[in-house]
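Working notes, structure below.
The values are calculated or read from the model by the stated rules, or taken from the named source; none is laboratory data. Nothing here was measured: the structure is a model prediction, and the numbers come from that model. When we count neighbours, we look across all protein chains shown, and the Cβ atoms used for this are built from the backbone with ideal geometry, even at glycine. What goes into the accessible areas is simple: the full protein's heavy atoms, side chains included, and nothing from ligands, DNA or RNA. Shrake-Rupley method; radii C 1.70, N 1.55, O 1.52, S 1.80 Å.
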Amino acid sequence: MNPAIQALFVIVGGVGGCIGYFYLSNLFLDKVLYPPSGPNAGRNINRANLIRPWLFLFPALFGLSLYLAYPVLATLWLSVHGKTGDFVGLDNYRTMASEGKFWESMRNNMLWLIVVPALSTAFGLLAAQLTDRIKWGNLAKSLIFMPMAISFVGASVIWKLIYDTRPEGSAQIGLLNALWLQFDGGIGSVIALKVVPALILISTIAAALFGIWALLSPLREVERRGHPGIVAVKIAVAALLAFVSYELVIWLVGTLTATLPYGTPQTFLSMPYWNSYFLMIVLVWIQTGFAMVILSAALRGVPEETIEAAILDGANPFQIFFQIKVPQIMPTVVVVWTTITIVVLKVFDIVLAMTNGQWETQVLANYMYDKLFRSLDWGVGSASAMIIMLLVTPILIWNVYNARKEMR
Amino acid sequence: MDNIAGKKSALQWAVHLSTALLVALWVLPTAGLLVSSFRTGDQIVTSGWWRALMTQESQLAAIRLGGEEVEKDGQFVIEGNLFDGQGAEISRWGTSSKEPEAYAAGETATLPDGQTLTVQAAGAFALASATTMADLRMPRVFVTAATPPDFTLGNYSNVISSPMAGQSIGEAFLNTLTVAIPSTIIPILVAAFAAYALAWMDFPGRPLLVAFVVALLVVPLQLALIPLLQLHNAIGIGKGYLGVWLAHTSFGMPMAIYLLRNYMAGLPRDIIENARVDGATDFQIFIKIILPLSFPVLASFAIFQFLWTWNDLLVALVFLGTGNDQQVLTGNLVNLMGSRGGDWEILSASAFVSIAVPLAVFFAMQKYLVRGLLAGSVK
């Protein structure tokens, strides 16, 4: 049978089946099992109302349990069992830990986890702030938001054309290489590729160091410390910022000392270390629109009085933005950040399509796919899946904690 | 707001400029691929897409001469045109790849086999020989020519009808449609009932169930691949559409329930209580009151789920299989990137066929998409 016709049947059958299930099960409950009439009417109504929620919930709960909750446990089980089904304890994890590719994936994933949410949120915030102030803002928003509709694979094709390399001497058709070949090592190149990046890096490092200071200085005084959990989070964020500034200092030294290969086309996707960043740009490009939409709504929700007061006090637009608006939308920034973090942890298509993990660009999700479906090593594959699960667990707990707080 | 502060113009200009720059950065990559998809393979590799509108001087791929031989003045002559009327203008030409620019337009070259060849600037050529050339291999001509901008729909008709990497895009398009549409419609219905129960019905364990749904919201679907594949094999579904539909339905469920519950919980309590007092059952309340009122959020979720199922690669790869008749658009595109990685005319057109539908949905229903995003994450 033609799959399209089959699909039509499924739509009709599925929708009809769903409606039929809900209708008939309710009918059965009301007419046959506990009819709200006769001598026991009151008791029957109560009993029917005890059962009804579960009729409504059953199909959804069944799907959720079987397709999401059960696999977590099954994957855990698979990860501690060998190929023949015998219990092997942590052997699979040990095998995984002895593989260079696994540690490469972990290192890359950590970079992805820092870079993509940070850049997407920053660009999103910038775009939100800019587009809210101009007449053609909605059009601009639409265009920045557009990559959201493009599949990761489609985005990979789009960006692969940007990164394309032709042999030296022939015309470059990749935008990045064409730009790169404009630089000839003259004074313009030094300004554009050394001075400007160095200034940007220095100011970023300064901002990160200021952030560390702002986070840690209140902790010296006991009475301003607050909740121990918050202290732990602050210290963790400060450590992360310290790591980022360390990395950026290395970049700064590299920028100032490296001799750049002017005039030769570069193969960006096989450049070790940097190629991971070229892949990250693709995801940042997709996710910025999401961050922009949410943050723009949050910015509009900032009470006008606070801004008016700041203007009357003589604050400039930058002070208004960083000291009045940003602190007030911080909870939304956290939501955006965690949502993008989850997307990053699952990123698979971009790496598969652009490099397939070659040239040291492997990430966990693609490593896992490799193990499961290419090496057919389900034990190690499941072990790496559990690592991904472990990484999302803090976000999971945080979300559940917040949801429960709201319910009360 | 800024008017109060007075000096506005300079800053306003900076805002306009930076926004324009940002928009350009975000649109250019897609625009590049779109422009490329309307150019011929030769044009794509000889010049960047940003030069598509300019006349460009470039060395074209070698052209092999051909045509009917005519006897004229005791000579055998083949006449014809190198281009089929594109208006290109040849500046230099040659007959060997070592010296592709040996002659100027209008000059006559003597070939190793004794024929003479003349090529005019407009592309007209005359190959003449004292003996018949019927058994000879026709010579190749290398030309450097200025070609005017030229766009074609050929790439699209090419990828839609003829199989690339074992499967035509048209077939993959149908497969994707077959995956996406049931996977969008069915979860809405199932989730709507569950969301109503979680929002408006009283029963023990309700907060716990909400927490359960919120927890499943972030569980990576990577964990589900092997256990579910085993399950599908055990109950006889194996790899096929049924498995994909079930998987997509369930993977979309936490988001659906979460979105719909948040929205339904915000509906006015009076309406529902009045209906209850009037003797409506929960089923009637749901169908007649809640469902129509929830239309905006249903639309939001439908768009999400459609974009997600249409753009998905992993679920389709694992649950549908990788055979040529089962590949969806994204899988087909990944295969093309592997096997036809340098053929940008094919890649770009294929990519746009797969991007077109989600983009159309996006621009048509953006309002609902934004609304859904906000309902899903802003508190």
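Let me know the mean shielding of A:154-167 by other chains, meaning the per-residue number of their Cβ atoms within 10 Å of its Cβ.
Mean shielding by partner chains, rounded to a whole number: 6.
R0 = 30 Å: FRET efficiency of B:Leu111 with A:Ser170, Cβ-based, nearest 0.05? Walk me through the numbers before you get to the answer.
On the way: r = 27 Å, r/R0 = 0.90.
Using R0 = 30 Å, I get an efficiency of 0.65.
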Cα→Cβ-extended label distance, 7 Å offset, between A:Ser142 and B:Ile235, nm: 4.4
Efficiency of FRET from Cβ geometry, B:Asp325 and A:Asp184, R₀ 41 Å, rounded to 0.05: 0.20
Residues of the stretch A:169-327: accessible area per residue with a 1.4 Å probe, Å²: 54
Residue among B:Val141, B:Val318, B:Val70 with the largest mean-square fluctuation in a Gaussian network model of chain B, springs linking Cα atoms under 10 Å: B:Val70
Two-decimal Rg/Rh across the stretch A:61-171, once Rg and the Kirkwood Rh are taken from alpha-carbon atoms: 1.16
Among A:Asp349, A:Asp184, A:Asp377: highest mean-square fluctuation, GNM of chain A, C-alpha pairs under 10 Å: A:Asp184
Computed lengthening from A:Ala118 to A:Val343, 0.36 nm per intervening residue step minus Cα-Cα distance: 79.7 nm
Where only alpha carbons of chain A are counted, the Rg and the Dmax (Å): 27.3, 98
Mean Cβ neighbour count within 10 Å, used as a protection proxy, ranking A:361-371, A:196-206 highest first: A:361-371, A:196-206
Accessible surface of the protein assembly as shown, 1.4 Å probe, proportion on carbon and sulfur as whole %: 65
Calculated from backbone phi, Karplus (6.51, -1.76, 1.60) coupling profile of the stretch A:56-71 in Hz, x at Gly/Pro: 5, 7, 3, x, 5, 5, 4, x, 4, 5, 6, 9, 10, 6, 4, x
Prolate/oblate/rounded label for the stretch B:229-379 (Cα gyration tensor, a/c 1.5): oblate
Amide N of the stretch B:216-257 lying under 18 Å from the label point, which is placed 7 angstrom from the Cα of A:Glu99 along Cα→Cβ: B:222-227
Accessible area that becomes buried as B packs against A, both chains, 1.4 Å probe, Å², nearest 100: 9900
Under Karplus coefficients 6.51, -1.76 and 1.60, residue-wise ³J(HN,Hα) of the stretch A:262-272 in Hz, glycine/proline x: 4, x, 10, x, 9, 9, 5, 7, 10, 7, x
Accessible area (Å², 1.4 Å probe, nearest 10) - A:Glu308: 80
Relative contact order %, chain A, counting alpha carbon pairs below 8 Å whose residues are six or more apart: 26
Accessible surface, per residue, of chain B when the full set of protein chains is kept, probe 1.4 Å, Å²: 43
B:Leu314, B:Leu174, B:Leu374, reordered so the largest accessible area comes first (probe 1.4 Å): B:Leu174, B:Leu374, B:Leu314
Cut-off 20 Å, label 7 Å out along Cα→Cβ of A:Leu90, residues of the stretch A:378-408 by amide N: A:379-394
A:Phe58 accessible area, 1.4 Å probe, all protein chains in place, Å² to nearest 10: 110
Spin-label pair B:Gln120/B:Phe363, simplified geometry with 7 Å Cα→Cβ offset, distance in nm: 4.4
Cα gyration tensor shape for the stretch A:3-65, rounded if a/c is under 1.5, else prolate or oblate: oblate
Heavy-atom accessible area ranking, 1.4 Å probe, most first, across B:Phe203, B:Phe76: B:Phe76, B:Phe203
Model label zone, A:Arg107; criterion: amide N under 20 Å from point 7 Å along Cα-to-beta-carbon; scope the stretch A:238-273: A:240-255, A:268-273
Shielding score for B:253-262, defined as the mean number of other chain Cβ atoms within 10 Å: 2
Projected label distance in nm at A:His227 and B:Leu153, using a 7 Å step from Cα toward the beta-carbon: 6.1
Sequence ranges B:267-274, A:90-97, ranked by mean other-Cβ count within 10 angstrom, highest first: A:90-97, B:267-274
Average Cα contact separation per residue, chain B, under 8 Å, 6 or more apart, as relative contact order %: 19
B:Ile237 long-range amide H proximity, modeled H, under 5 Å: none
0 to 90° range, to nearest 10: angle between helix A:3-28 axis and chain A longest Cα axis: 50
Estimated FRET transfer efficiency when R0 is 41 angstrom, pair A:Glu305-A:Tyr70 (beta carbons, to 0.05): 0.20
Solvent-accessible area lost in complex, 20 Å² minimum, residues of the stretch B:168-184 relative to chain alone, 1.4 Å: B:Leu174, B:Thr178, B:Pro182
Accessible-area value, A:Phe87, 1.4 Å probe, nucleic acids and ligands omitted, Å²: 140
Entries in B:Lys288/B:Lys367; A:Lys141/A:Lys325; A:Lys83/A:Lys160; A:Lys83/A:Lys346; A:Lys346/B:Lys239; A:Lys141/A:Lys371 that, when Cα-Cα distance is taken, lie over 31 Å: A:Lys83/A:Lys160; A:Lys141/A:Lys371
Relative counts (whole %) of C-alpha pair distances in the stretch A:348-407, using bins that are 5 Å wide: 4, 18, 19, 17, 14, 9, 9, 6, 3, 0
Enclosed volume per residue, in Å³, of the convex hull spanned by Cα atoms of chain B: 236
